[in-house]
Structure formats: C-alpha cells, structure tokens
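Q: Encoded as structure tokens, here's the structure I'll be asking about.
The values are calculated or read from the model by the stated rules, or taken from the named source; none is laboratory data. Here the structure is a predicted model, which is why all the values come from computation and not from measurement. Reconstructed Cβ throughout: ideal geometry from the backbone, glycine too, with neighbour counts over all protein chains shown.
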Amino acid sequence: MNHFNIRVYGLLIKENNQVLISDERRNNFCFTKFPGGGLEFGEGIKEALVREFKEEMGLEIRVGELFYFNEHFQLSAFNPKHQLFSFYYLVSLVIPQNVGLEKYQIPLINDGEKQRWIKIDEYLANQMTFPIDKIVVSKLIESR
C-alpha cells in the first residue's frame, strides 16, 4: 500500500548568512539535512516543527513564514512506497543561545544526530543528501 509522508523542516539562519544543518546516522545510513522531521498523528505542521527542535536539540523556536513546499512528486529515500510532502519554515530561537558549536566527525560513526552552521552558498547544496533540500538551498541563495 502506498502512503503519504509529511515532513517539516526549520531554516534557522544567523546574521552572517549561515544556516543550521543536521548530520544524522540512522540504521547505518548517513545523511545531511535541515533540522526537522515527520508529523505525528494528531499534530499540526508548525506544532510538529516546534516539537522536533525541542526533541532533537532542546531548542524552543518561533515558527515564521513558510519558505518552501514541494509541489512535485518525491519518493522517500527510506521507503519507495512513501510519497513525501515537505514544508520548510523560517524559524527563530525564543532565547538566543549558542547552537551547533560542537566539533564532530562527518559522517557520524554512531546512530544519532549533530548540528552545525554552514554558509549559504553552492557548497551547501553539495552537503545536502536529499533532493528537496538541494532545491531549498538554491531558493535560499536566490533570496540572499
């Protein structure tokens, strides 16, 4: 049976034109993406994004405007029977704090996730694993 998979991601951007990205390892698969994840049954899109930032990084965020939504067909990289719908929102921190300052090896050796800041440029697109994230990077570059 085919399913829809709804994902939501946050674009946390610093004044120096850097965006927070997440390096992750799950089931021996390493990938780089924007922070966020999937909706749970019964929650709204923005509510899910707030939950994901709290769970993944212990951060409280404000969800701003919708930056991008994929209107095209996209299969999940994890399950070929799932079609993805991904929402990307601009976000800000409720309490400014240092985030993603820990140095770590890429790709990650153990399952989990770590975050880092990276400049919004063409190099960022090469860092991202998933096709929709690469589109979002090009839109970020255009918006600067």
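Q: Which condition breaks for residue 26 when tested against (1) surrounded by fewer than 13 Cβ atoms within 10 Å (Cβ to Cβ); (2) within 15 Å of residue 130 (Cβ to Cβ); (3) modelled with pLDDT under 90?
A: If we test residue 26 against (1) surrounded by fewer than 13 Cβ atoms within 10 Å (Cβ to Cβ); (2) within 15 Å of residue 130 (Cβ to Cβ); (3) modelled with pLDDT under 90, just (3) comes out false.
Q: Could you pull out the residue among 73, 78 that is touching a strand residue (DSSP E or B) at 6+ places or on another chain (Cβ under 9 Å), of a type in the set (Phe, Trp, Tyr), surrounded by 12 or more Cβ atoms within 10 Å (Cβ to Cβ) and part of a loop (DSSP other than H, G, I, E, B)?
A: Details: 73 fails: surrounded by 12 or more Cβ atoms within 10 Å (Cβ to Cβ).
Result of the check over 73, 78: 78.
Residue-wise test of (1) part of a strand (DSSP E or B); (2) within 13 Å of residue 86 (Cα to Cα).
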position: 6; (1), (2): yes, yes
position: 10; (1), (2): yes, yes
position: 15; (1), (2): no, no
position: 19; (1), (2): yes, no
position: 22; (1), (2): yes, no
position: 30; (1), (2): yes, no
position: 41; (1), (2): no, no
position: 49; (1), (2): no, yes
position: 52; (1), (2): no, no
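Quick grid of which residues meet (1) in contact with a Ser or Thr (Cβ under 7 Å, 6 or more places away or on another chain); (2) over 20 Å from residue 125 (Cα atoms):
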| residue | (1), (2) |
| --- | --- |
| 20 | no, no |
| 30 | no, no |
| 39 | no, yes |
| 45 | no, yes |
| 51 | no, yes |
| 59 | no, yes |
| 79 | no, yes |
| 84 | yes, no |
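Q: Can you tell me how many residues in the range 40-52 are surrounded by 16 or more Cβ atoms within 10 Å (Cβ to Cβ), out of contact with any Gly (no Cβ under 6 Å at 6 or more places or on another chain) and of a type in the set (A, V, I, L, M, F, W, C)?
A: Within the range 40-52, residues that are surrounded by 16 or more Cβ atoms within 10 Å (Cβ to Cβ), out of contact with any Gly (no Cβ under 6 Å at 6 or more places or on another chain) and of a type in the set (A, V, I, L, M, F, W, C) number 3.
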